[in-house]
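**Student:** Submitted below is the structure of interest, expressed as structure tokens.
Values in this text are rule-based calculations from the coordinates and carry no lab data. Note that this is a predicted model, so its numbers are computed, not measured. All Cβ positions, even for glycine, are placed from backbone atoms using ideal geometry, and neighbour counts span all protein chains on display.
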Amino acid sequence: MSSKNSKLKILTNGFLNENPVLRLVLGTCPTLATSTMASNGIGMGLAATFVLLCSNVVISALRKVIPDQVRIPCYITVIAGFVSVVQMLVKAFVPALDASLGVYLPLIVVNCIILGRAEMFASKNGIVDSALDGIGMGIGFTITLTIMGTIREILGSGTWMAGLGELIPALGKDFVIQVLPESIDPFTIMTSAPGGFFVFGVMMAAATWLTTRPKKAKAAAPAEAVEGGNV
């Protein structure tokens with residue numbers, strides 16, 4: 001049972017407690033640049049999740065073979081191989097997403113999240129745990145990008161999930177959900193850099209509050225019990 005709990009903890013750590021963007025503050029540049037729309041966040045997040053999973057597994061499998069002195073170049077080489085695969089697949093099947101993400105798709109190679117998990121986790125743990133860590137961190141990254149993209153797209157454009165039809169052809173290329181009435185002028189600043197920083201800051205504050213609140217409540221409980229006993 002404890003083994004199952006530990007595996008589950010590894011998988012879910014990246015969702016909130018160790019969220020790579022909101023708690024570890026990694027990958028800030030691509031997060032701000034690609035989260036202008038929810039569909040971009042989903043696409044970028046899924047691409048990063050694939051690379052995280054595959055690179056973590058390979059690096060974990062080779063952790064006892066890779067010389068310590070050249071481990072970082074080796075990690076980057078492994079990551080670059082999987083990024084190339086992702087880039088070719090995206091260009092072939094979702095060219096609109098490739099155009100939308102631009103240079104940030106190939107720059108996954110040097111994304112601090114992926115390189116950081118390779119150095120901090122995959123190089124020190126087994127294949128299964130490393131795979132779970134990669135999936136969990138990737139899901140956390142995807143969730144963060146999607147939420148940021150949702151907020152910025154709705155407030156900045158009045159729409160939601162524009163471009164999702166490129167990821168899911170069955171929806172149609174023109175698929176979009178009109179959230180705000182067209183008579184309302186959207187806050188276009190939300191789709192620019194200042195809007196991105198604002199939403200990022202609010203989400204970081206919310207994540208910090210959610211993760212520290214249980215600890216503060218737990219720490220306050222014994223003190224309240226002591227005070228009650230003294231009375």
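**Student:** Which helices, counted as full DSSP H runs in the chain, have an axial Cα extent of no less than 18 Å and a Kyte-Doolittle average of -1.0 or above?
**Tutor:** Result, helices passing both filters: 38-61, 71-93, 127-157, 193-230.
**Student:** Quick one: dipole size for the chain, taken about the Cα centre, charges +1 on Lys/Arg Cβ and -1 on Asp/Glu Cβ, in debye to the nearest 20.
**Tutor:** With Lys and Arg at +1 and Asp and Glu at -1, about 820 debye.
**Student:** In µm²/s, what is D for the chain at 20 °C and 1.002 mPa s, where D = kT/(6 pi eta Rh) by Stokes-Einstein and Rh is the Kirkwood radius from Cα pairs?
**Tutor:** Roughly 112 µm²/s, to the nearest whole number.
**Student:** For the pairs Lys4/Lys64; Lys9/Lys173; Lys91/Lys124; Lys7/Lys91; Lys7/Lys173; Lys9/Lys218, note any where the Cα-Cα span goes beyond 29 Å.
**Tutor:** Flagged as over cut-off: Lys9/Lys173; Lys91/Lys124; Lys7/Lys91; Lys7/Lys173.
**Student:** For Met204 and Ser3, FRET efficiency with R0 = 30 Å and r from the beta-carbon atoms, rounded to 0.05?
**Tutor:** 0.35
**Student:** Sorted by average packing, counted as other Cβ atoms within 10 angstrom per residue and highest first, what order do 146-152, 74-80 take?
**Tutor:** 146-152, 74-80
**Student:** Please give, to one decimal in nm, the separation of the simple spin-label points placed at Gln178 and Val65, each 7 Å out from Cα toward the Cβ.
**Tutor:** 5.8
**Student:** How compact and how long is the stretch 53-121, expressed as Rg and Dmax of its alpha-carbon atoms in Å?
**Tutor:** 13.2, 41
**Student:** Hey, can you grab everything whose amide H is under 5 Å from the amide H of Asn19? Only 5+ residues off in sequence or another chain; H modelled, so Pro and N-termini drop out.
**Tutor:** Amide H neighbours of Asn19: Leu24.
**Student:** Please sort 133-142, 61-70, 162-171 by packing, taking for each peptide the average over its residues of neighbouring beta carbons within 10 angstrom, highest first.
**Tutor:** Going by the mean number of other Cβ atoms within 10 Å, highest first, we get 133-142, 162-171, 61-70.
**Student:** If r is the Cβ-Cβ distance from Thr28 to Lys124 and R0 is 22 Å, what FRET efficiency results, to the nearest 0.05?
**Tutor:** Working from the Cβ atoms, E equals 0.35.
**Student:** Pairs of Cα atoms under 8 Å, at least six residues apart: use those to get the relative contact order of the stretch 2-213, whole percent.
**Tutor:** Relative CO of the stretch 2-213 lands at 34 percent.
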